[in-house]
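*Asks:* Dropping a structure here in structure tokens format, bear with me for questions.
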Amino acid sequence: MELYHLYQNNYLIVAVFLLLGILLPAAALTIGKILRPYKPVKEKYTTYESGIEPFQQSWVQFNVRYYLFALLFVIFDVETVFLYPWAVAYEELGVFALIEMGIFVLMLTLGLIYAWKKKVLKWN
Amino acid sequence: MNTMLLTLLLFSPLLSVLILLFVPSDDEKTLRMTGVLGALLPLAAALIAFSAFDRTEAGVQLEEVYQWITYEVFQANGELNYSIQYHIGADGLSMTMILLTAFIAFLASIASFSVKSKLKSYYILFFILELGMLGVFSAQNLFLFFVFFELTLIPMFFLIGRYGYDNKEKAAWSFLIYNGIGSAILLIAFVALFMKSGSMAFDQLKAVFALPDADLYEMFLTERFRTGILIAILVAFAVKLPVVPLHTWMLRVHAEAHPAIVMIHSGILLKIGAYGMIRFGLGIFPEEFKSLAGAVAILGVVNLLYGAFLAITQSDLKKVLAYSSVSHMGIVLIGLAALNEAGIQGAVFQTVSHGLISALLFFLVGVLYSRRGSSQLHDFGGLAAHMPVASALLLAGGLASLGLPGMSGFISEFMAFLGLFNVMPVVAAVGTIGLILTAVYVLRAVLAVTFGKERHENTVYGPDMTALERFPAYMLLAAIIAIGVFPSLLSGLLGATLESIKLGWGG
Amino acid sequence: MSNVPLSLYLMLALILFCIGLYGALTKKNAVIVLISIELMLNAVNINLVAFSKYSLHPGLSGQIFTLFTIAVAAAEAAVGLAILISLYRNRPTVRVDEMDTMKH
Amino acid sequence: MMNDLLHSQPGWYNAAVFFTMAAVLLLVVLGFVTYAILAERKVLGFIQLRPGPNRVGGKLGLLQTVADVFKLLIKEDTIPKLADRPLFILAPVLTFSPAFMVLAVMPFTEHVQFADLGVGLLYYVGISGISTIGILLGGWASNNKYSLLGGMRAAAQMISYEIPLVISVVGVILFAGSLNLNDIVEGQKNVAYIFLSPIGFFVFLIASIAELNRTPFDLPEAESELVAGYHVEYSGFRFAFFMLSEYVYLFAMASLTTVLFLGGWNPLPFLEFIPGAIWFAVKFSIVVFFMIWIRGTLPRLRADQLMEFAWKILLPLALLNIFTSAAVKELFL
Amino acid sequence: MDTDALLSYNWSVMAPEFTILGVATLLSIIDLFMSKHTSRRPLLWLALAGVAVAMAFVFMQLDQDVTSILHDTYRLDFFSKAFKIVLLLGGFLVLLLAADYRKEELSESRGEFYYLFLTALLGAMIMASSADMITLFVGLELLSLSSYILAGIRKKSRKSNESAFKYLVSGGIATAITLFGLSYIFGLTGKTNLFDVVETLQEPALLEHSFLLVFAFFMTFIGLSFKIAAAPFHMWAPDVYEGAPIPVTAFLSVVSKTAGFVILLRFIVLTFIAAAGIDRDPLLVQVQPYLMVLAAATMIIGNLGALRQRNVKRLFAYSSVAQAGYVLVPFVSNSTQVFELIWFYLLAYVVMNIGAFACLQTLTRDARSNDISIFRGLFSRSPWLASAMTIFLLSLAGIPATAGFAGKFGIFMGALGPEPGHYVLAGTMMLMTLVSYVYYFNIIGLMFFRDGSSKRRLPLPPSLGAVLVFCAIATIGLGILPNIALDFFFESFDVNEFFMNTGHNH
């Protein structure tokens, strides 16, 4: 029970931090609202575009390469999902687990090489 | 027992197929030659088989049995032996039909000379068809029967669809669909039977169904099951025969297919229906058949009358003959329903005799069509003056068809009705009206063609029948008259077999 | 140890699954469809993890299963996006109802 | 007392105590940020042979940043008409909160730590990732081409460098056999992991600089190209929160580096008499100074170099590090 | 799990899988480092060799007793070997098809095609051998993910992309549904190993939760039936078949479908064999009516759908849906014959369908169209090709003396064998077979009865010719002498072995 309370308390702290993390901006912005001036002029609310009149919507389609990086990210981020528990438990698993992980990483490296060769990593 | 004779007979058409494959497709002369000689081969084999056949013996002869397919996985379940044999053989009935098949196929191969294009594939399909037909009649188990039954379906589909008149494809389709339905029902019935009894061979099935009822119940072969299977089988063959509500496809085929094909179709394929009813209906389920006899008889009479009435109204010679086939098949049903010796004999006789007669008539229609490009009754008239031989043959065929004594039709009709009068006099009496109607429509049509008024002043007929055309016609006519005069030719062959069938229902 | 009953987890997973299924079947935007599928898979993960702790026969293998599900879901999302990009290159739309070249 | 509290039934009382303590930490962090900015400007000044801030608050400009903060506080706050208003407001909060939240698990000394989570490192990695969404959201919500581009670049960069970052610490986890940051520090009693896993440290350091969007990896906010990147439309205190979270992350990342590689509060041999807090502060300061130093020395990378560097050099190195670390563990430990 | 234990495993059990994996890896590396302009054709031979070697390994394993490794997650019994033979055979033939698929269209990603194909095949093989829900799932997804990409491998073609996306979405949904079902099974038993699950499911304590179990059964079954394109997850098939390149379509309709049936057999039949449904009746008996409805619905949808198709690929898609419906029939009767009947039918299906696709590929490639009119006058153009296609179509339609008939005959036997027989289902199947005559014979009719616009003979590359000849011979051979295959299966297959838990002895 004690341990369980410890566990709960730890996460209570995390929750408190979250609360504070939100409270601070909220408070600061509220105080700011009281202090700062408010003199709306139409020009102030136009979108900044180096001084010229903004044209077109800026919510345009992104370059595809962003997606490609996102894809790579997804793959390698999931890899770490496997790496972390493996690393934690390495002590008990022994060398064979290392070899297994070697194969696993090799496969992923192959994926990286693939992306490399296919010029996915090129940014231009 | 295991002589290879029947197998050789069965697969002899394949030899021709093989040869045909190597004949160039534009060499029509060689193709035709191969076709005729190829068709002669099974005929010769059939005659040899016939000579080896002991007519006095009732059982299956020339038997060949080889283990073929074993469903061990089903065997493992119980004591039933789920295996299928390659089992062929012939009893009197089969022998008759094999002879008929080889004979008509040979003549049809000569009649096929009027096929002008795509000759090579025509003959290949023709021989596959012949293989199927021979197989159907010599199969001694349900599986093999079914395989050959379907094997006739495919080449026939092509033969109808590729070689014929304007609406040939539609005819091919309705042929396929109707017969497909028939074979589908058949397959379900066969498999159900197989699964419950563990066997597909005729003789073993007969043995199983001869067991006492208690044993049958143990095998789940209940009364209801047996009747169900019988009805399914009868319906399946009724499509083939055809019995009235299911007959439309046959009219199309007869009207649209090439005459040589129609010869085979009405001469042999329709008879598979009759053959099947006798083999499976009577042969395996005599008891159950008895309980359905009334319905069969009524259907037979309906067929007879319906076909006859409609034949009277037709203006196309082909249609007249097609409806006459419907009508004549009614007689087969009538004979079967009688369930006595005379009736069955009549049915079988009718099967054979109608095979010959309709082959003859359709052959003649083909000849006429080749002269006039039409088969409408009013397009002829006064044919006798221009084509005396053709007219004479047509008249002879017509008379055979209406059952003129001395020709094969008479004997079969007489015996069938004789059989039925003994059992169901009222139904038979109604049926006799059909016989009168037969005379009416046959004479109407034939006389209209031969002696009718010439409608067109400048009618141009071709020359009268050539020697090549006369030959098949004479052969058929000879056979018709031979059976008419010496029915013992046929009854001798059939007698022993019919006797054994009769034992089934204890007659 | 816990006062949260198993049924609540299952309910949550079921709701999540249904939302995902609904989204995957009705949404027009291809990306949202992919996300909906992820939702369904995550519902499964909740189920597995909850079961592995609170079921009749608790067992770790449920959590291992979850790891695999996560990895596969990621791969599936990656493949899905890649296909979507390639599709987008040929025709700039992500609306599912505009993918209709093969209507008959 | 703390220990008892942690083991007691959680309730409002606990929450209140925690809140107070967290607020104290928040103040410390804010103080750090204020003076880190000043320090940065000073150090940069020294490097560039100029005095740096020297007007407000005496010769050293001690109140310069404080004044800056107040300036931001009273500045007018505009939200562009075309912007996506809710998201625009949400974005700075979403960026800041995780930055502060990750501090919850940081063990500053043996005794000064808030939440001792079993999966502390994972928690850090997971929570810090959320900030990327905040930045992307800010760039998107502004509905401005520069900010969008900046946001996208920032996101691409951050996710690209997150991979080597998280993989480079696998070595550390291998040695410690735990994800708990306390255990990791404990594991460095004898030797700091920087010596056992130098490649990991190298990769981690570079990736962390990139994660912080600091020079030479400050492309997302490249003033000369993108006129400030994703926060171009932000003004007043909303802008301040982006800046704030950047420096809070600096704080967090420097702490994490200290904990993971530099032995945390562990003293150097023979110097055990100096308290752990001092050791931590010293190591922490070195890391911070190093980062400022780098900023003063190195030029900004080109965009293509930036991305390719992460994938083609750091990632393979990080993967290699796993196996060298494992080899080290097998051979020497 | 220590090193010694791992080393003590009999890794040769996985030799076929390792072969495929190795070749796939090798291919991908070679492909990456090959110059852009070099022909990828030689890679095909490597891939083919890989499949052949794997096949050889499977045959070498035939005598081996049932073994399992990796804590019983991977299992080598005759069941898996027999189906692996079918899978590898199908894979080999499809690869040969791919050898000649429009060079210009696949040129860009030909290398990818080969190794993705192999990984898909590997996934299918893993499915055949797995005895654990996790392994099963991984195999399933390996196959699925690879096939999603394969379907979209013509990057420039919008249809191909669309089909890939549709496949992915419906596949993803199906996967999620399957997993949801699996999660409940895990929840009820706490095990992922199928044999442990079987054991646990017999516990009386579970009777209270039989509703959940039935629920789980249906979720899993419906999800898994996606792979075989059975109702209600058939919708993807026409679109995907149409959009994907023909070799991929062939792969999906043959290998992928076979794998789907394998997994259904392994999972459904094994896992639920002893499970009790609601009110303590055996679950598999209780769900029979529903399976019957599913099978019938699949047949009906497939056949009626095929009737109105003008696009041959869509037609074959619906036809394959229909075929799946036929193969579902043995599941209903649920007896020990299930394995043999399905195995045989799938074997027959592999040869006849791939043969048909080979013809299709030749034609579509020549005509650059998928309209059914490409069959017009084929007989006068290329009589041999038309004859081969006729054989395949007749077999698909189930005409005697073809493999398709032998397969269907077996299925009929299975349906009518038990007491009471499933007459309604058999009748439906028969009726639908008849409906299928219409569209199969329609093609035959076009080939034989009509004149085409072109009189030119079709070029037939040797690889396609080989496929055609092999498939035609096999179709006829299996039709006339089905015992070749039946005996092979029967003699080695042992139901007890299938249900036997090898325990945790490695």
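*Asks:* Please verify whether E:Ala275 is more than 14 Å from every other protein chain (Cβ to nearest Cβ), open to solvent by less than 10 Å² (accessible area, probe 1.4 Å), closer than 25 Å to E:Phe165 by Cβ and aliphatic (A, V, I, L, M), treating the condition exactly as stated. Even if it seems obvious, please write down each step before you answer.
*Replies:* Details: more than 14 Å from every other protein chain (Cβ to nearest Cβ): yes; open to solvent by less than 10 Å² (accessible area, probe 1.4 Å): yes; closer than 25 Å to E:Phe165 by Cβ: no; aliphatic (A, V, I, L, M): yes.
Answer is no for this residue.
*Asks:* Mind checking which residues of the stretch B:154-192 are out of contact with any Phe, Trp or Tyr (no Cβ under 7 Å at 6 or more places or on another chain) and of a type in the set (Asp, Glu)?
*Replies:* B:Asp166
*Asks:* Still on this structure, please answer the following. Restricting attention to the stretch D:303-322, report how many residues are more than 9 Å from chain A (Cβ to nearest Cβ) and open to solvent by 10 Å² or more (accessible area, probe 1.4 Å).
*Replies:* Summing the residues that are more than 9 Å from chain A (Cβ to nearest Cβ) and open to solvent by 10 Å² or more (accessible area, probe 1.4 Å) in the stretch D:303-322 gives 4.
*Asks:* Determine whether B:Leu270 is within 19 Å of B:Ala347 (Cα to Cα), aliphatic (A, V, I, L, M) and crowded, with 24+ Cβ neighbours inside 10 Å.
*Replies:* On the way: within 19 Å of B:Ala347 (Cα to Cα): yes; aliphatic (A, V, I, L, M): yes; crowded, with 24+ Cβ neighbours inside 10 Å: yes.
Taking the combined requirement at face value, the residue satisfies it.
*Asks:* Right, D:Leu44: within 14 Å of chain A (Cβ to nearest Cβ), in contact (Cβ under 8 Å) with a residue 40 or more places away in the chain and not basic (Lys, Arg) or not?
*Replies:* Details: within 14 Å of chain A (Cβ to nearest Cβ): no; in contact (Cβ under 8 Å) with a residue 40 or more places away in the chain: yes; not basic (Lys, Arg): yes.
Against the criterion (within 14 Å of chain A (Cβ to nearest Cβ), in contact (Cβ under 8 Å) with a residue 40 or more places away in the chain and not basic (Lys, Arg)), D:Leu44 does not qualify.
*Asks:* Taking B:Phe103 as the residue in question, decide whether it is more than 14 Å from chain E (Cβ to nearest Cβ), open to solvent by 10 Å² or more (accessible area, probe 1.4 Å) and under 15 Å from the mean Cα position of the chain (by Cα). Step through it out loud before you land on a result.
*Replies:* On the way: more than 14 Å from chain E (Cβ to nearest Cβ): yes; open to solvent by 10 Å² or more (accessible area, probe 1.4 Å): yes; under 15 Å from the mean Cα position of the chain (by Cα): yes.
Judged against the criteria, B:Phe103 is a match.
*Asks:* Quick one: what pairs do we get from the stretch C:78-89, first residue at the interface with chain E (Cβ under 7 Å from one of its Cβ atoms) and farther than 11 Å from E:Leu145 by Cβ, second assigned to a helix (DSSP H, G or I) and acidic (Asp, Glu), C-beta under 9 Å, 6+ apart or different chains?
*Replies:* C:Leu87/E:Glu162
*Asks:* Considering each of B:Val296, B:Val243, B:Val262, B:Val253 in turn, give the residue that is open to solvent by 10 Å² or more (accessible area, probe 1.4 Å) and not hydroxyl-bearing (Ser, Thr, Tyr).
*Replies:* Working: B:Val243 fails: open to solvent by 10 Å² or more (accessible area, probe 1.4 Å); B:Val262 fails: open to solvent by 10 Å² or more (accessible area, probe 1.4 Å); B:Val253 fails: open to solvent by 10 Å² or more (accessible area, probe 1.4 Å).
Only one candidate passes the filter, namely B:Val296.
*Asks:* Could you check, for the stretch D:26-40, whether at least one of its residues is open to solvent by less than 30 Å² (accessible area, probe 1.4 Å), modelled with pLDDT of 85 or more and either in contact with a Pro (Cβ under 9 Å, 6 or more places away or on another chain) or at positive phi (or both)?
*Replies:* So far as the stretch D:26-40 goes, yes, one or more of its residues are open to solvent by less than 30 Å² (accessible area, probe 1.4 Å), modelled with pLDDT of 85 or more and either in contact with a Pro (Cβ under 9 Å, 6 or more places away or on another chain) or at positive phi (or both).
Here is a yes/no grid of residues against (1) basic (Lys, Arg); (2) more than 11 Å from every other protein chain (Cβ to nearest Cβ); (3) farther than 26 Å from B:Phe74 by Cβ:
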residue	(1), (2), (3)
E:Val435	no, no, yes
E:Phe441	no, no, yes
E:Ile444	no, no, yes
E:Phe449	no, no, yes
E:Pro462	no, yes, yes
E:Asp494	no, no, no
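*Asks:* Could you list, ordered by first residue, the pairs with Cβ atoms under 6 Å in which the first is in the stretch B:470-484 and under 17 Å from B:Ile110 (Cβ atoms) and the second is assigned to a helix (DSSP H, G or I) and β-branched (Val, Ile, Thr), at least 6 apart or interchain?
*Replies:* B:Pro472/B:Ile110
*Asks:* Then there is this: Pick from B:Phe113, B:Phe146, B:Phe126: which is within 20 Å of B:Gly267 (Cβ to Cβ), surrounded by fewer than 24 Cβ atoms within 10 Å (Cβ to Cβ) and of a type in the set (Phe, Trp, Tyr)? Talk me through it step by step, then tell me what you get.
*Replies:* Details: B:Phe146 fails: within 20 Å of B:Gly267 (Cβ to Cβ); B:Phe126 fails: surrounded by fewer than 24 Cβ atoms within 10 Å (Cβ to Cβ).
One residue alone meets the criteria, B:Phe113.
*Asks:* Show me the helices (runs of 4 or more DSSP H) found entirely inside the stretch B:39-141 where at least 2 residues are modelled with pLDDT of 90 or more. Before the answer, list the steps.
*Replies:* On the way: elements: B:72-75, B:92-111, B:119-138.
Those helices (runs of 4 or more DSSP H) span B:92-111, B:119-138.
*Asks:* Residue check: is C:Leu21 outside any helix (DSSP H, G or I), at the interface with chain E (Cβ under 9 Å from one of its Cβ atoms) and either within 17 Å of E:Gly172 (Cβ to Cβ) or touching a Gly at 6+ places or on another chain (Cβ under 9 Å) (or both)? Show your work before the answer.
*Replies:* Numbers: outside any helix (DSSP H, G or I): no; at the interface with chain E (Cβ under 9 Å from one of its Cβ atoms): yes; either within 17 Å of E:Gly172 (Cβ to Cβ) or touching a Gly at 6+ places or on another chain (Cβ under 9 Å) (or both): yes.
No.
*Asks:* Select the helices (runs of 4 or more DSSP H) contained entirely in the stretch E:353-418, then report the ones holding at least 2 residues which are closer than 16 Å to E:Gly325 by Cα and out of contact with any strand residue (DSSP E or B) (no Cβ under 7 Å at 6 or more places or on another chain).
*Replies:* Details: elements: E:378-381, E:383-397, E:403-416.
Passing ranges, in order: E:383-397, E:403-416.
*Asks:* In the stretch C:31-43, is there at least one residue being facing chain E (nearest Cβ under 10 Å) and at pLDDT below 90? Please lay out each step first, then the result.
*Replies:* Our first condition is that a residue be facing chain E (nearest Cβ under 10 Å); within the stretch C:31-43, this holds for C:33-34, C:36-43.
Pick out the ones that are also at pLDDT below 90 and you get none.
No.
*Asks:* Which of the residues that make up the stretch D:109-144 are surrounded by fewer than 22 Cβ atoms within 10 Å (Cβ to Cβ), at the interface with chain A (Cβ under 8 Å from one of its Cβ atoms) and within 28 Å of A:Lys44 (Cα to Cα)?
*Replies:* Scanning the stretch D:109-144 gives a single hit, D:Asn143.
*Asks:* Of everything in the stretch B:385-404, what is crowded, with 21+ Cβ neighbours inside 10 Å and either over 20 Å from the mean Cα position of the chain (by Cα) or without any contact (Cβ under 8 Å) to a residue 60 or more places away in the chain (or both)? Give them in sequence order. Show your work before the answer.
*Replies:* So the first thing to find is which residues in the stretch B:385-404 are crowded, with 21+ Cβ neighbours inside 10 Å, and the list is B:387, B:390-391, B:393-394, B:396-403.
Answer for the stretch B:385-404, where residues must be crowded, with 21+ Cβ neighbours inside 10 Å and either over 20 Å from the mean Cα position of the chain (by Cα) or without any contact (Cβ under 8 Å) to a residue 60 or more places away in the chain (or both): B:Met387, B:Ala390, B:Ser391, B:Leu393, B:Leu394, B:Ala396, B:Gly398, B:Leu399, B:Leu402, B:Gly403.
*Asks:* While we're on this one: Filter the stretch B:116-161 down to the residues that are hydroxyl-bearing (Ser, Thr, Tyr) and under 15 Å from the mean Cα position of the chain (by Cα), then identify the one that is farthest from B:Leu21 (Cα to Cα).
*Replies:* The first filter runs over the stretch B:116-161 and keeps only residues hydroxyl-bearing (Ser, Thr, Tyr), leaving B:117, B:121-123, B:138, B:152.
From the residues that got through so far, the ones that are under 15 Å from the mean Cα position of the chain (by Cα) too are B:138, B:152.
Numbers: B:Ser138: 26, B:Thr152: 20 Å.
Checked the stretch B:116-161; the qualifying residue farthest from B:Leu21 (Cα to Cα) is B:Ser138.
*Asks:* Moving to a separate point now. What tally of residues in the stretch B:210-236 results from selecting those that are at negative phi, open to solvent by 70 Å² or more (accessible area, probe 1.4 Å) and within 14 Å of another protein chain (Cβ to nearest Cβ)?
*Replies:* Of the residues in that region, 4 qualify.
*Asks:* Let me ask something additional. Go through the stretch B:45-76 and report how many residues are within 14 Å of chain E (Cβ to nearest Cβ) and either aromatic (Phe, Trp, Tyr) or surrounded by fewer than 20 Cβ atoms within 10 Å (Cβ to Cβ) (or both). Break it down stepwise before answering.
*Replies:* We begin by selecting, within the stretch B:45-76, every residue within 14 Å of chain E (Cβ to nearest Cβ); these are B:66-76.
With either aromatic (Phe, Trp, Tyr) or surrounded by fewer than 20 Cβ atoms within 10 Å (Cβ to Cβ) (or both) added as a condition, the list becomes B:66-68, B:70-72, B:74-76.
Selection size over the stretch B:45-76: 9.
*Asks:* For the stretch A:66-124, give me each residue that is crowded, with 16+ Cβ neighbours inside 10 Å, more than 25 Å from D:Leu179 (Cβ to Cβ) and touching an Asp or Glu at 6+ places or on another chain (Cβ under 8 Å).
*Replies:* A:Leu121, A:Trp123
The values are calculated or read from the model by the stated rules, or taken from the named source; none is laboratory data. Treat the numbers as computed from the prediction; the structure is a model and nothing was measured. Backbone-built Cβ (ideal geometry, glycine too); neighbour counts: all protein chains shown. Side chains are part of the model used for accessible areas, which takes the heavy atoms of the whole protein and leaves out ligands, DNA and RNA. Shrake-Rupley method; radii C 1.70, N 1.55, O 1.52, S 1.80 Å.
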